[in-house]
Amino acid sequence: MKFSLLLFSGSANHNSKDWLNNIEQQTLIAQESGFDGIWGAGGHASGDGMLNTTLLLSRLSGKLTNMEFGALYLLPLENPVTLAEEIAALDVLTEGKLTIAVSLGWREFQFKAFGLDPKERLPRFLETLEIMKSLWKETTFKHEGRFYDLEFERGIKKPQQKPYPKILIAANADVGIKRSARIANGWLISTRAKYETIARQSLLHKDALAEYNTEGTIWAWRECYVHESKAKAIETIRPYAEALYADRASLGHARDLPDADRLDTSFDEIVKDRFIIGDVEECVEEIKRYESLGVESIIFRMQWPEMPQELTINSIKKMKEVIKHFR
């Protein structure tokens, strides 16, 4: 089992320099605490103050040693040529230790910001991914598609990993999980999925791999906070995490989720079977549940909007005692 820290998405109200200093402090302490990697997941036009994920990870790659890196991209919003070049460069800068995750996206205001029809997000996603793979593998090629007509005579700079970095597909719906088994290297579970749903879908993923005769891994995003007890942990994060989930529910974040994963419910119900939270022993046992489902790597979100840096650092440091149980 590997463990990564998901970088806080920021806030438009934060001083950018202070926020960057906090991020750098978190990553260095995560490295000291035994984390295997860091992840960035900045969206577009979301008003959260997050810096560009590729550029942020590029900066951090020069400050960390023996750490892996991961980045999530909302693929329908991206230009395939520009993004393929950026990812190739980031893979070189991280010395071939990059994993990417790609998502369909769901927030209509982001598609409006790019002048795109959200109803076209799936075909855009598929065509963009196809082009990027071709750019990483080929020097000359021609693509004639629904959204792009491209012709390359000289190609682009290639990634360090061959043929390209590991690609995960972030998916909540069953059809997306089967898609990850068919065209990607793994499935990324979202923070919104509950354990009951993940247990069922992990079997679906296994069957899909067999059906398509492919290989693939399972990664999971999980909310996490380590404290002296579960009660203390929930009390500490409630003002920040509860507000985030209330906001997500109001935006329709559960639109594509199974009924069991609904967000329009109490915070205590949201935490149940979704957060890895409590003292060291409780967190270890919870992680073992995911390990039993075949999850090979977990990405932890350990800070929520307006949560003080000190509270975040305290939990990251306590993760050292959790991680050592899996070494």
Q. In the stretch 117-163, which residues are within 25 Å of the chain's Cα centre (by Cα) and of a type in the set (Gly, Ala, Ser)?
A. Ser134
Q | Residue that is surrounded by the most Cβ atoms within 10 Å (Cβ to Cβ), among those in the stretch 271-286 that are aliphatic (A, V, I, L, M) and within 20 Å of the chain's Cα centre (by Cα) | A | Ile277
Q: State which residue pairs qualify: first residue modelled with pLDDT of 95 or more and inside the stretch 294-311, second residue acidic (Asp, Glu) in any location, beta carbons under 7 Å apart, and separation of 6 or more residues or different chains.
A: Arg301/Glu223
Q. Out of the residues in the stretch 269-293 that are in contact (Cβ under 8 Å) with a residue 24 or more places away in the chain and charged (D, E, K, R), which is nearest to Thr99 (Cα to Cα)?
A. Glu291
Q) Which numbered condition trips up Thr312, out of (1) within 19 Å of Ala193 (Cβ to Cβ); (2) over 18 Å from the mean Cα position of the chain (by Cα)? A) (1)
**Q.** Failed item, numbered, when Glu127 is tested on (1) without any contact (Cβ under 8 Å) to a residue 60 or more places away in the chain; (2) in a loop (DSSP other than H, G, I, E, B)
**A.** (2)
Q) For Leu98, which of the numbered conditions (1) free of Cβ contacts under 8 Å to residues at least 60 places away in the same chain; (2) of a type outside the set (Phe, Trp, Tyr); (3) in contact with an Asp or Glu (Cβ under 8 Å, 6 or more places away or on another chain) fails to hold? A) (1)
Q) Among strands (runs of 3 or more DSSP E) lying entirely in the stretch 136-240, which contain 2 or more residues that are free of Cβ contacts under 8 Å to residues at least 40 places away in the same chain and surrounded by fewer than 14 Cβ atoms within 10 Å (Cβ to Cβ)? A) 141-144, 149-152
Q: Take the residues in the stretch 98-119 that are out of contact with any strand residue (DSSP E or B) (no Cβ under 8 Å at 6 or more places or on another chain) and assigned to a helix (DSSP H, G or I), then tell me which one is modelled with the highest pLDDT.
A: Lys119
Q | Scan of the stretch 292-304 for residues that are in contact with a Phe, Trp or Tyr (Cβ under 8 Å, 6 or more places away or on another chain) and either within 13 Å of Thr236 (Cα to Cα) or in a helix (DSSP H, G or I) (or both), ordered by number | A | Met302, Gln303, Trp304
Q.
Cβ-Cβ distance below 8 Å, separation of 6 or more or different chains: which pairs start in the stretch 36-54 with a residue that is under 20 Å from Ala88 (Cβ atoms) and at pLDDT 70 or above and end on one that is among the basic types (Lys, Arg) and surrounded by 16 or more Cβ atoms within 10 Å (Cβ to Cβ)?
A. Gly37/Lys97
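The values are calculated or read from the model by the stated rules, or taken from the named source; none is laboratory data. Computed from a predicted model, the values in this text were never measured in an experiment. So basically every Cβ, Gly included, is an ideal-geometry build from the backbone, and we count neighbours across all protein chains shown.
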